[in-house]
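These notes are about the structure you will find just below.
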Amino acid sequence: MAQKEGLRHQAALPLSAPGVAVWLLCCEVVLLRTFVAYFHHFTPYQRWMNLRALVLGARPAPVFWGVVLADVAAWLGFGLLLARSLAPGGGRTVRVLAAYGLATAAGVPFHLVTLGLAEHLIRFGQLPRYLGLMVITGLAAAVGLLLVPAVAVASSWREAGRRWLRRLGPAGWRMFLLGAAVWLLNRLAFFLLALPVGGEFFYALASTLLPWGLLARSARWVGSAPPSGTASPRPWLTPVAFGAVTAALLLSLLLLPGPQPHADAVAPPSLVVEEAVVPPTTAAVFPEGAAFASERLEVRVERDPFDLVVVNAEGREVLDLIDGDADRPAAYRGVALSTEPRTVRMIPLLWTGNTVKSRWRLGAASLERADEIVVEGSTMMIRGRVGRTPVRLRLAFVAPDTLKMVLEAERTDPWTVPSLSFEAFAGEHFLGFGERVNRIDQRGQDVYHLVEENGYGPGFLAPLVRWWLGERGAFPNGELCTYWPVPFYLSSRGYGLLVAESFDPRVEAASAYPDVVRVSARGSDLTVYLFAQADPIDRIRAYTDLTGKPRLAPTWVFLPWKSRSGGPTEPLIREDMEKMRALEIPTSALNVEAWERWRGSFIIDRERYPQIEDLIQQAHERGYKMSFWMFPYVQAEADNPVYVEGVREGYFVKNRVGLPYPLITFFGSEVVIDMTHPEAVAWFQERVASMYRLGFDAHMNDFGESIPPDGVFYNGRSGFEMRNLYPLLYVQAVDEAVRRVKEDYVIYPRPGFIGMQRLAALQWPGDQNTDWSQSDGLPTAVRAMINVSMAGVPVHGSDIGGWHDIVSPPTDKELFLRWAELGAYSPWMRAHGGFLHPVREPWRFDEETVAIYRELAEAHTRLFPYLYTWAIRASQTGEPIVRHPSLLWPEEEVWYTVEDEYLLGDALLVAPVVEQGATSRQVRFPLGRWRHVATGVVYEEGVAQVPAPIGQPPVFLRQGEILPTFAEVFDTLEPASDPSVRVGSLEGDLTVHWFAGGSDEMILFDGTRLAASESTERIDLVVEGPVERGITWRVYGVVRPTGIFLDGRLLPPTDWTYDPAAETLEVRLSRQATSRVTVRW
């Protein structure tokens, strides 16, 4: 009993002078560890990677050496803390420190194994080996740790050894189990870093108290301490002396420079590329306020309380800032400055783009009155104070119906968030925001804009994740995560708005208050563009006028593609090459993955692709274009020569001590190429160009989301600041590289931001789950395509069959074919692979799958004239190809609730089947009449249940719209030396579909004009163009004609047919460039 009381007294550390001295020493250790954690030299992984970079020739910033000394001092301080707390009587400090050193050494193998586990977690075959090694080395570490309390309670090494051996059995397992719990809690303490303020301190505190508590408890397992004699007469000596060392080290960390900005850094592409100021038609200032107007808009300003209203030419209020004295928190008044610390951290061991985020609002002030309003040339300037901070609000018209507003604050700290808040109407809807997968209408959402990975299946955690994140919450980032955020949205109130900022832009769409929209960004300035054009599509055009028109993709993009994932090898690519042609499945391009010896090295793995040059040549001979996979990281392994070179030259994004910032991912360890470093960009570009010189025609510009928020770029900016800009820099670099080698190429990136459409011609929405879930399955692919199309990205297509199958089931036949239906009626059709179960080959299911997939690929191929024509139009005007019905019928409230229908161009309504097991689906039809392209059934405005067997997706031709298609199918448009390949031609014969009604006209990609019109007595069908081709007019919804005339001459009955049951007239014309068909009855 006395023994237990003694130990309890020893562990309690009462607030006597020795006890206070121990806690003071603990605080000093935590303070040192806080700084070490801040400077990325805290965990075993960070130390190991920093040490390896040094050995390989990296040149750290001077602050690194101060951090190393602080780390050593923190280790020594923790040893002193153990000695003073476990052996308070003194006399055993040196032995405890020595035992602590031995225990540290015993734990090194365990840490190395855990690092190996992290780097090989994706290689599931090696998991048992690493888990077994973790147990063995964990036991060794636990045995080593037991030596510390044994020495602390013993009077000599001999006695300590006897105690240690005697208690090794029962206490060793306790130490192992409790130590494992402490280790796990220590890993989970990582999430404390997400606190916006003090994250490193609390992380260091937890990482100190947890092992200290473990060792204090273990002292009870090895027996009581013998009488220690007289207590130390100077308990304060150690904390005071160590405190002096701590102060000196912290001072050195503050004075020694870290990574520095460089003047020659590569500038990110501009978010806005076209901007011409339009002189105002009215610019008047008067005592109560001011008026500032263009031909289409008028801005009305009131001085006190400050208010700003934008009215259009019809007198309708477009935008109304919240009054400066409104009864609501200051952050939600018209013009405001808030203090909002925010932290973003990458989650280790997950896909690298996953993050944990937090934000606090510590205070805010608003502009209550305008002190001065002046007109300077074509700009109106409003000056005032927000709290004590001077602010300026600049207004200018960049088009008659586009207003630019710039809020400038004389504050530069990173916690400053300028914002504009304006009224939200009841029932107002907010669409767009880039490639969001969660929903179409984001009303009620706090829409942040941060490039990050989409989610992936929660697996057995599904009930918990659904409770936590909701039915549409993507694990682990939540439902708003996206690879491609764009802070541009369309309001049903009749305007569009772009927040033209890259650092943490945010739109609170009636989320905090149902009657307030708040837009903000981090930094001293906030630039916003208001688009008040007549209809939503005009606003998208205006957005692309500012940020750049979409790049036109090559012709071969608009035919089906076949790709593989999950570690394919050359024989598998050859199988695709042979099978797609043998089965007569139209395919224009193949893709190569897992081709590198080390990821990011651009060194071909000759074991996987021994004859890649021959593979590319044979693919070209068979009419395929060849694509390859790449990413902007480099595998961080010491035997990777590209990694070694990059480390020596400083080509990677750095941590705060100036060494390469390593990422732990499922793929292992990677480092990120610094795209602001001009020499790193040139180094990277040469490797990209080498692949195109090898013969490749395209590449998947994968990743780019995994930018460490606390990393440091060559330009001196943080990873958080650069995260949204990195995808633009990444694509800009590769585009410059490829353009030097060839002209006919395409780059398709996964992440993007404002203006990416002018750099990349097509895009895919990343890695959906191989399931039907609303969080990241097939339904989200539809929403992603609809939403990103509003951000100026016209050519888009998802991975047919999905990709993420780590915790989702393998893609089955039904899911594959339903996804193929979506792909066939998307601008881009591509069957990709999966991760664990990469089967996306139709022949690996059954013959029926082959037949149905072939029909869908043929349908997509026939649509080429229509899709390519729309792609050219999009590249010229910025209009989307994929159109949510609300873009065409914005006044109809019902469309804002529809999330799984879209128009492909103006002629086709597509309603994909996204529910497992469904054989029909409910379709809402817009105004007009719609003809099912497969069955011929005609539907009118309203809701109908439409049969949808697999292979027959609900797709409808709109009455009055022309739909040109190729008359014949083919394998490819590219030349092929293999005579068995069916090569198509851009001048191939056409079948022009027209559901008679009204009139329509279309200018094809080659300049051919197609026109159709109907009157009470006749139909006129016109072709005018530079190309001679056969034309078949297929006209629906008409009665039998009494005569058909070609250029005034009666056509013989052999040149036309009429089907009375289908009410379909078919007129066949021989090859000619110009013709006029008149149908009479």
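Assess whether residue 299 counts as being surrounded by fewer than 22 Cβ atoms within 10 Å (Cβ to Cβ), assigned to a strand (DSSP E or B) and at negative phi. Let's see the steps before the verdict.
Numbers: surrounded by fewer than 22 Cβ atoms within 10 Å (Cβ to Cβ): no; assigned to a strand (DSSP E or B): yes; at negative phi: yes.
The answer is no for residue 299.
Taking the criterion of being more than 22 Å from residue 612 (Cβ to Cβ) and surrounded by 22 or more Cβ atoms within 10 Å (Cβ to Cβ), the residues of the range 677-702 that qualify are 677, 681. The number of residues in the range 256-291 being in a strand (DSSP E or B) and touching a Lys or Arg at 6+ places or on another chain (Cβ under 9 Å) comes to 3.
The C-beta contact set for the range 310-337 (first residue over 17 Å from residue 507 (Cα atoms) and without any contact (Cβ under 8 Å) to a residue 40 or more places away in the chain, second residue in a loop (DSSP other than H, G, I, E, B) and of a type in the set (Gly, Ala, Ser), distance under 8 angstrom, 6+ apart or interchain) comprises 323/334; 326/334. So, in the range 157-181, of the ones that are more than 12 Å from residue 221 (Cβ to Cβ) and among the charged types (D, E, K, R), which residue ends up surrounded by the fewest Cβ atoms within 10 Å (Cβ to Cβ)? Here the answer is 158.
Just wondering, is there one or more residues in the range 760-778 that are among the hydroxyl-bearing types (Ser, Thr, Tyr), touching a His at 6+ places or on another chain (Cβ under 8 Å) and buried (at least 24 other Cβ atoms within 10 Å of the Cβ)? Yes, the conditions are met somewhere in the range 760-778.
Considering the range 736-756 alone, what residues qualify as being in contact with a helix residue (DSSP H, G or I) (Cβ under 7 Å, 6 or more places away or on another chain), part of a helix (DSSP H, G or I) and either polar (S, T, N, Q) or more than 22 Å from residue 796 (Cβ to Cβ) (or both)? Steps first, answer last, please.
So in the range 736-756, the residues in contact with a helix residue (DSSP H, G or I) (Cβ under 7 Å, 6 or more places away or on another chain) come out as 736-738, 740-742, 745-747, 749, 751-756.
When the remaining residues are screened for being part of a helix (DSSP H, G or I), the result is 736-738, 756.
Selection gives 736, 737.
Scan the range 629-662 for residues that are among the basic types (Lys, Arg) and in contact with a strand residue (DSSP E or B) (Cβ under 8 Å, 6 or more places away or on another chain) and jot them down. The answer is 654, 656. The residue that is farthest from residue 977 (Cα to Cα), counting only those in the range 622-667 that are assigned to a helix (DSSP H, G or I) and among the acidic types (Asp, Glu), is 649. Here the condition is being more than 25 Å from the chain's Cα centre (by Cα), basic (Lys, Arg) and buried (at least 22 other Cβ atoms within 10 Å of the Cβ); of 625, 562, it holds for 625 alone.
Residues of the range 571-621 being of a type in the set (A, V, I, L, M), part of a loop (DSSP other than H, G, I, E, B) and within 23 Å of residue 985 (Cα to Cα), which ones? So that I can check it myself, show each step before the final result.
Initial filter on the range 571-621 (of a type in the set (A, V, I, L, M)): 572-573, 577, 580, 582-583, 585, 589-590, 592, 594, 603-604, 612, 615-616, 619.
Next, from what is left, pick out any that are part of a loop (DSSP other than H, G, I, E, B): 583, 585, 594, 603.
The answer is 583, 585.
Among the residues making up the range 548-570, a single one is touching an Asp or Glu at 6+ places or on another chain (Cβ under 8 Å) and part of a helix (DSSP H, G or I): 556.
Among residues of the range 38-66 that are in the same structural domain as residue 249 (by TED's automatic domain parsing), those with a beta-carbon under 6 Å from a residue that is assigned to a helix (DSSP H, G or I) and surrounded by fewer than 16 Cβ atoms within 10 Å (Cβ to Cβ) at least six positions away or on a different chain give the pairs 57/648.
Condition check for residue 438 on (1) in contact with a Lys or Arg (Cβ under 7 Å, 6 or more places away or on another chain); (2) surrounded by fewer than 23 Cβ atoms within 10 Å (Cβ to Cβ); (3) in a loop (DSSP other than H, G, I, E, B): one failure, at (2). Scanning the range 412-427 for residues that are under 17 Å from residue 498 (Cα atoms) and assigned to a loop (DSSP other than H, G, I, E, B) turns up just one, 424.
Quick check on the range 483-509: of everything there that is within 24 Å of the chain's Cα centre (by Cα) and over 21 Å from residue 271 (Cα atoms), which residue is surrounded by the fewest Cβ atoms within 10 Å (Cβ to Cβ)? It comes out as 508.
One line per residue, one yes/no per condition, for (1) surrounded by 19 or more Cβ atoms within 10 Å (Cβ to Cβ); (2) out of contact with any Asp or Glu (no Cβ under 6 Å at 6 or more places or on another chain); (3) under 29 Å from residue 114 (Cβ atoms):
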site: 22; (1), (2), (3): yes, yes, no
site: 28; (1), (2), (3): yes, yes, yes
site: 37; (1), (2), (3): yes, no, yes
site: 40; (1), (2), (3): yes, yes, yes
site: 43; (1), (2), (3): yes, yes, yes
site: 53; (1), (2), (3): yes, yes, yes
site: 61; (1), (2), (3): yes, yes, yes
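Please indicate, with yes or no, whether at least one residue in the range 539-547 is farther than 18 Å from residue 276 by Cα, more than 21 Å from the chain's Cα centre (by Cα), surrounded by fewer than 24 Cβ atoms within 10 Å (Cβ to Cβ) and in contact (Cβ under 8 Å) with a residue 60 or more places away in the chain. There is no residue in the range 539-547 that is farther than 18 Å from residue 276 by Cα, more than 21 Å from the chain's Cα centre (by Cα), surrounded by fewer than 24 Cβ atoms within 10 Å (Cβ to Cβ) and in contact (Cβ under 8 Å) with a residue 60 or more places away in the chain.
For residues that are among the hydroxyl-bearing types (Ser, Thr, Tyr) and within 19 Å of residue 749 (Cα to Cα), scanning just the range 692-728, find the one that is modelled with the lowest pLDDT.
In the first step, residues of the range 692-728 are kept if they are among the hydroxyl-bearing types (Ser, Thr, Tyr); the result is 692, 706, 714, 718, 726.
Pick out the ones that are also within 19 Å of residue 749 (Cα to Cα) and you get 692, 706, 726.
Numbers: 692: 98, 706: 89, 726: 98.
Filtering the range 692-728 for residues that are among the hydroxyl-bearing types (Ser, Thr, Tyr) and within 19 Å of residue 749 (Cα to Cα), the one modelled with the lowest pLDDT comes out as 706.
The set of residues from the range 706-735 being of a type in the set (Asp, Glu) and assigned to a loop (DSSP other than H, G, I, E, B) comprises just one member, 710. Looking across the range 649-660, the residues that are out of contact with any helix residue (DSSP H, G or I) (no Cβ under 7 Å at 6 or more places or on another chain) and surrounded by 24 or more Cβ atoms within 10 Å (Cβ to Cβ) come down to 654, 655. Within the range 806-829, one or more residues are surrounded by fewer than 24 Cβ atoms within 10 Å (Cβ to Cβ), at pLDDT below 95, within 23 Å of residue 629 (Cα to Cα) and within 20 Å of the chain's Cα centre (by Cα).
Counting only residues that are within 23 Å of residue 299 (Cβ to Cβ) and touching a Gly at 6+ places or on another chain (Cβ under 9 Å), give me the strands (runs of 3 or more DSSP E) lying completely in the range 455-546 with at least 3 of them. Walk me through how you get there before you give the answer.
Values: elements: 485-491, 495-499, 506-509, 516-520, 525-531.
Output list reads 485-491, 525-531.
With the requirement that a residue be more than 19 Å from the chain's Cα centre (by Cα) and modelled with pLDDT of 95 or more, what does the range 744-771 give you? Residues satisfying the conditions are 744, 745, 746. Total residues in the range 235-258 satisfying the condition of being surrounded by 16 or more Cβ atoms within 10 Å (Cβ to Cβ) and closer than 10 Å to residue 66 by Cα: the figure is 4.
Of all residue pairs spaced 6 or more apart or on separate chains, those with beta-carbon atoms under 7 Å, a first member in the range 1048-1071 that is on the phi < 0 side of the Ramachandran plot and touching a residue at least 12 places away in the same chain (Cβ under 8 Å) and a second member that is of a type in the set (Gly, Ala, Ser) and buried (at least 17 other Cβ atoms within 10 Å of the Cβ) are 1069/1075.
The values are calculated or read from the model by the stated rules, or taken from the named source; none is laboratory data. The shown structure was predicted, so the numbers you read here are calculated from the model rather than taken from an experiment. All Cβ positions, glycine included, derive from the backbone under ideal geometry; neighbour counts span all protein chains shown.
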